[in-house]
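Here's the structure we're looking at; comments come further down.
Since every read-out is calculated from the coordinates, none of them should be taken as a lab result. Only a predicted model underlies this, so the values are computations on that prediction, with no experimental measurement involved. Cβ atoms come from the backbone with ideal geometry, glycine included; neighbour counts cover every protein chain shown.
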Amino acid sequence: MNNKSILILSICLNMAFLRAQTTGVSLHSIPGYNQWGWNSIVMQNEFITIATVPAIGGRVMQYDLDSLPSIYINKYELGKTYTPANRGYHNFGGYKTWPSPQYRWPGQWPPPPTLDYGNYTFTADSASNDSVSVLVTSPVEQWIASGIQFERRATIYPGSSRVKMEQTIINQGTSTANWGMWSITQSIVNHPGKTDYENYRAYFPLNPSSVYGAGKTWTDGASNAWKGEISPGIYGVQFYPTPPSGSKIFSDSDKGWLAYAVASDTVVFARTFDIYEGAHYPDSARLTVYVSNFPAYMEIEAKFPLMDINPGERYTFTENWWTAKVRTPIIDVNSIGAVAQKVTYDSTTHTLSAVYGVFHKGIAKAVFKDETGQVISEGREYSVSPLKEIQLNETITIPQNTKKIEFQIYNPEGGLIGILDSTDIGHLLTSVEAESQNFPLKHSLSNNYPNPFNPKTVISYKLKVKSEVELRIFDILGREIATLVNEQKPAGTHTIEWDGKNSGGQHVSGGVYFCCFEAGKFRQTHKLILLK
C-alpha cells in the first residue's frame, strides 16, 4: 500500500481533530499516521505528500513525489518523544533546523535540545485560495542558544511540487543575539532491503571564485562518495558508506540550489534558496553534504548567514523544496525545474534536444527570440508535470535572426510560470543553421557533455572543410567498442550522441572510455567516463 492509500485510509479510520482544504490541496491532522506512533500534520496535492510531526521538534518526516520517498526515518526511534535535557541526542531522521554556528554550542554537541526535539505547538492555515500551510513553533531554548525560539511555516500549492519553507529565528532574550539557521534533511540512500547506494546522488554548483581555492570545496575526511566536478561548475556526490563514522564536504556556492537524486527512479529532490553575498557564513560554507556510515543516510544541508537579532525581533530565511521525475546527473536547478541536459541543436538533422524535470503542471515550449527580446518563432507545445521527464527532441529550423532560445513553462490556463532553460545561440554545442555562420578555422574534437555521464553523452566536432570522418569509442584496453561515424561530412560543426552501447547494441559497463576522432590526417582523442 503506498503513502497516498495509507493517507486516505487513515482519514477514513481516524477522527482527525484538524483539517483544512482549498482547491487542489488538503491538510489533515492524523493520529498514528503511517504507523509512526506520532500525531502528524499531513499536507497533500496531486503530486506530493509532506508530513510534519510537532512532538519531535516539528520535524518533517515525509516529502514524497507520488509514492517515491526522499526522507530517512530512523525506525528505532518511532513513536518516542523526549523532554529536552542538557545531555543526550536522539536521531529521529527527517528534516530539522539548528542554530549555527555549531562551535558556539557548549562542547559543540549535542544540538540545542528544545529547538532540536522539543514539543512544538502548531497551527494550520487555509485562508489563502491557492495554498494550505502549517506553522510550528518551538518552546524557548533555555540551555544552548538561550532565549532563542524557532518558527517554521510550510506551505504547499496546487499544480506544483513546491513546498515553501519559511524558517524564523526569534530572539525572546534580553540582549542582541547573533545566529544563523542551519537547514538539514537526512535523505534515504538505499531501497528497502537493498544496499544499492550507487543510485543515490547529490549535486551542487561550484563557486569559480571559491575561498577554498582551486578545488572549490573543502572536506573534513576522505570518502569514495566525493566524485568531483562531473560537469563544468557542478560537483557530484555518489553515496558511499564512509567508515568509521562519516565525512562532510563544504561548498561556498555562488548559486542557491542543492539537488538530491535517485538514478534508478529517475527522480530529483531539490532546494532553492537565496545567497547572501558578503555575509558571514559559518565555515564559509553555504551548503554541505554529509555521508553517514551508521545509520546509512546522506544529509543535505543549506546554511544561512549569521544575523544580529535584537530582543523581540525575528529574522526569516526562506527556501523552497521541489521534486520531479528526471534522470541524472543534474546540472542546473531553478524554481521552474531541473536540467539534466541543456538545449542543443544539430544543424544537420535540424533537431533541438534537451532533457528536463519540470516542477509544475502545465504546458512547455521552446521560444526563439531576436536580439531585442522579441519572439520570432515558437516550437510545439509539450504537456508537463512533475511526474514525467521531458525529453525535447524536436525537428525544427531555427529562424535566421534568432539570438536566444528559451524553454518556457505555462500553467494550464496559459499564464507564464517562468523560464526553465535559456541559451544564447553562440553557446550551443552544435552549429546553428544561419546564413551568417562562420566555418571553423581548423578540425577539432570538443569535450563530450556531460562528462561523466549516465546514460548518454553528446560528442561534438568541427570540420574546416568537407572530410572523411571516423569517430570511434575504445575501452581502456584499446578494444574498439563502437563506431559512431564513418562517412564524409560537410564543413561546420556536428554532434552525435553515444548511449553507452557497443556495436551490438548492448550496454557496456561503467568505466573509462576513449573517443577517437579522425578527419583526413587530423587525429584527436578525449577521455569519457561512464557512471553506472
(message) Per residue of segment 96-107, what does 6.51 cos²θ - 1.76 cosθ + 1.60 with θ = phi - 60° give for ³J(HN,Hα)? Whole Hz please, x for Gly and Pro, Karplus curve as stated.
(response) 8, 10, 10, x, 10, x, 5, 5, 7, 6, x, x
(request) Per residue of segment 255-262, in order, report the coupling 6.51 cos²θ - 1.76 cosθ + 1.60 (Karplus, θ = phi - 60°) as ³J(HN,Hα) in whole Hz, putting x for Gly and Pro. (result) 10, x, 8, 8, 10, 10, 9, 10
(message) Please list, ordered by chain and number, the residues whose modelled amide H lies under 5 Å from the amide H of residue 49; skip anything fewer than 5 residues away on the same chain.
(response) 64, 66
(message) Cut-off under 12 Å on the C-alpha distance; same-chain residues fewer than 8 positions from residue 521 excluded. Which aspartates and glutamates are left, in chain and number order?
(response) 468, 470
(message) Positive end of the dipole of the chain, charges at C-beta (+1 Lys, Arg; -1 Asp, Glu), about the Cα centre: which of 411, 520, 223 has its Cα farthest in that direction?
(response) 223
(request) Determine which lysines satisfy two conditions relative to residue 80: a Cα distance under 23 Å, and not lying fewer than 8 residues away in the same chain. (result) 96
(request) Would you grab the residues whose amide H sits under 5 Å from the one on residue 258? Only those 5+ places off in sequence or on another chain, please, with H modelled 1.01 Å from N. (result) 271
(message) Longer than 26 Å from Cα to Cα, which of 365/532; 164/403; 442/527; 216/527; 303/342; 216/342 are they? Say none if no pair is.
(response) 365/532; 164/403; 303/342
(message) What do you get for the angle between helix 3-13 and the principal long axis of the chain? Use alpha-carbon atoms, 0 to 90 degrees, nearest ten.
(response) 30 degrees
(message) With an 8 Å Cα cut-off and a minimum separation of 6 or more residues, compute the relative contact order for segment 225-360 in percent.
(response) 22 percent
(message) Normalised by the empirical 2.2 N^0.38 Å for globular proteins, what value does the Cα Rg of the chain take?
(response) 1.05
(message) Just want the answer: with Cβ charges of +1 for Lys and Arg and -1 for Asp and Glu, which residue in 348, 425, 387 is farthest toward the dipole's positive end in segment 342-427?
(response) 387
(request) Grab every C-alpha pair in segment 342-427, bin the distances at 10 angstrom width from 0 up to the longest one, and report whole percents. (result) 18, 53, 26, 3
(message) Explain nothing, just the number: dipole magnitude of the chain about its Cα centre with +1 on each Lys and Arg Cβ and -1 on each Asp and Glu Cβ, in debye rounded to the nearest 20.
(response) 820 debye
(request) Please list 185-192, 419-426 highest first by mean number of surrounding beta-carbon atoms within 10 Å per residue. (result) 185-192, 419-426
(request) Assign one of three labels to segment 291-400, namely rounded, prolate or oblate, based on the Cα gyration tensor with a ≥ b ≥ c the square roots of its eigenvalues; rounded applies when a/c is under 1.5, prolate when it is not and a/b is larger than b/c, and oblate otherwise. (result) prolate
(message) Based only on Cα atoms, what mean projected area does the convex hull of segment 444-530 have, in nm²?
(response) 5.1 nm²
(request) Could you state the orientation-averaged shadow area of the convex hull built on the Cα atoms of segment 236-292, in nm² to one decimal? (result) 4.8 nm²
(message) Can you give me the long-range amide H partners of residue 404? Hydrogens built in the peptide plane at 1.01 Å from N, cutoff under 5 Å, separation of 5 or more residues or another chain.
(response) 369, 425
(message) Under the 0.36 nm per residue contour assumption, what length would be gained going from the current alpha-carbon distance of residue 524 and residue 283 to full extension?
(response) 82.5 nm
(request) Only helical DSSP H runs with n ≥ 4 go in: add -39500 (n - 2.57) per run for the chain, normalise by residue count and round the 222 nm mean residue ellipticity to 500 deg cm²/dmol. (result) -1000 deg cm²/dmol
